[in-house]
Amino acid sequence: MPTGTDSTAYGDPYAITPGYYDLFRANENALPSVSFFADLTPPDADALEIGPGTGRLAVAVAARARSLTCLERSPTMRAVLISKLAQRPDLRPKVTVLDGAAPAFALGRTFDYVYLGGVLEHVPPGDRPELFAAIAAHLKPGGLCAMDMVLRMPSPDQAERVMDEQDLGDCRYILSASAERLGPDLSKLRQTYRTYLRGELIATESVERLHNMHRPEPVLKDLAAAGLHPAEGDGLAQATPLPDDPGAVVVRKAAP
């Protein structure tokens, strides 16, 4: 008989999903883009990642940086990240994993590089000024900040559909998702993970959360107010395969 669970039963919204998270993002083209954030890492940088999740980006950035500090609110995500680092003796001295989250945090130090991959959707637009002020306070003069999920597309609204399928041994895992549009920049997402053993459904687990949309113009305005300005050109970067949608922003803290 299949079993079912829902993330709302847990204090941690990601209590049931860390294993699935990596399973459905195992290919190189999965978002957030590992290469985009890793390639931006300045040589010999002290870096800060906000919301590393299971560490897809963190492992790649840490391999290039002098040090990496990770702020992750989910205990289960942190546990997976720490488990990965335990298997990487080359990275263990370089990576610090802390309990923390956007928009407000205070670490008592500054960094050369701060980045957020797949995080902005969890931040309401009204919290952006506080988040960007915290980032600016943790950046050294001339330091770099990068983030994705800065989009022009409409807030999603869709019936449930299959997004991906993966096999492990005799099990097939299927990820489906639906979205209910609550406003021009807000949706309620539901992701459902179904496990089949030799074709028989044996488990169904769901996660429901809010999804915030962030547009380039107000994002750049809020960044400028925090003293963070485009690193090159208009600051918009290509982090998705959509040619008419920049998807990311790269800014720098002005030198005194």
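The values are calculated or read from the model by the stated rules, or taken from the named source; none is laboratory data. The model shown is predicted, which means the values in this text are computed figures rather than measured ones. With ideal geometry, Cβ positions are generated from the backbone for all residues, glycine too; neighbour counts draw on all protein chains shown.
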*With respect to Thr240, determine if the residue is under 22 Å from Phe24 (Cα atoms), among the β-branched types (Val, Ile, Thr) and not assigned by TED's automatic domain parsing to the domain that holds Asp148.*
no
*Would you check if Leu139 is within 30 Å of Thr41 (Cα to Cα) and either surrounded by 15 or more Cβ atoms within 10 Å (Cβ to Cβ) or not assigned by TED's automatic domain parsing to the domain that holds Pro52 (or both)?*
yes
*Check whether at least one residue in region 44-57 is in contact with a helix residue (DSSP H, G or I) (Cβ under 7 Å, 6 or more places away or on another chain) and polar (S, T, N, Q), and report yes or no.*
yes
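Which one of Ala47, Ala62 is modelled with pLDDT of 95 or more and either in a helix (DSSP H, G or I) or in contact with a Cys (Cβ under 6 Å, 6 or more places away or on another chain) (or both)?
Values: Ala47 fails: either in a helix (DSSP H, G or I) or in contact with a Cys (Cβ under 6 Å, 6 or more places away or on another chain) (or both).
Ala62 is the lone residue from the list that is modelled with pLDDT of 95 or more and either in a helix (DSSP H, G or I) or in contact with a Cys (Cβ under 6 Å, 6 or more places away or on another chain) (or both).
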_Subset of region 100-117 [at pLDDT below 95 and of a type outside the set (A, V, I, L, M, F, W, C)]_ = Gly100, Pro103
*State yes or no: is Asp170 surrounded by 14 or more Cβ atoms within 10 Å (Cβ to Cβ) and not assigned by TED's automatic domain parsing to the domain that holds Phe132?*
no
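Checking the condition out of contact with any His (no Cβ under 6 Å at 6 or more places or on another chain), closer than 30 Å to Leu197 by Cα and free of Cβ contacts under 8 Å to residues at least 12 places away in the same chain, which residue from Glu160, Glu165 passes? Step through it out loud before you land on a result.
Numbers: Glu160 fails: free of Cβ contacts under 8 Å to residues at least 12 places away in the same chain.
Glu165 is the lone residue from the list that is out of contact with any His (no Cβ under 6 Å at 6 or more places or on another chain), closer than 30 Å to Leu197 by Cα and free of Cβ contacts under 8 Å to residues at least 12 places away in the same chain.
Here are some residues: Val150, Val95, Val162. Which one is over 19 Å from the mean Cα position of the chain (by Cα) and aliphatic (A, V, I, L, M)? Let's see the steps before the verdict.
Values: Val150 fails: over 19 Å from the mean Cα position of the chain (by Cα); Val95 fails: over 19 Å from the mean Cα position of the chain (by Cα).
Criteria check complete, one pass: Val162.
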_Hits in region 80-89 - residues which are surrounded by fewer than 14 Cβ atoms within 10 Å (Cβ to Cβ) and either within 27 Å of Ile16 (Cβ to Cβ) or in contact with a helix residue (DSSP H, G or I) (Cβ under 8 Å, 6 or more places away or on another chain) (or both)_ = Ser83, Ala86, Gln87
*If we scan region 96-108, do we find a residue that is surrounded by fewer than 18 Cβ atoms within 10 Å (Cβ to Cβ), within 27 Å of Thr192 (Cβ to Cβ) and of a type in the set (Ser, Thr, Tyr)?*
no
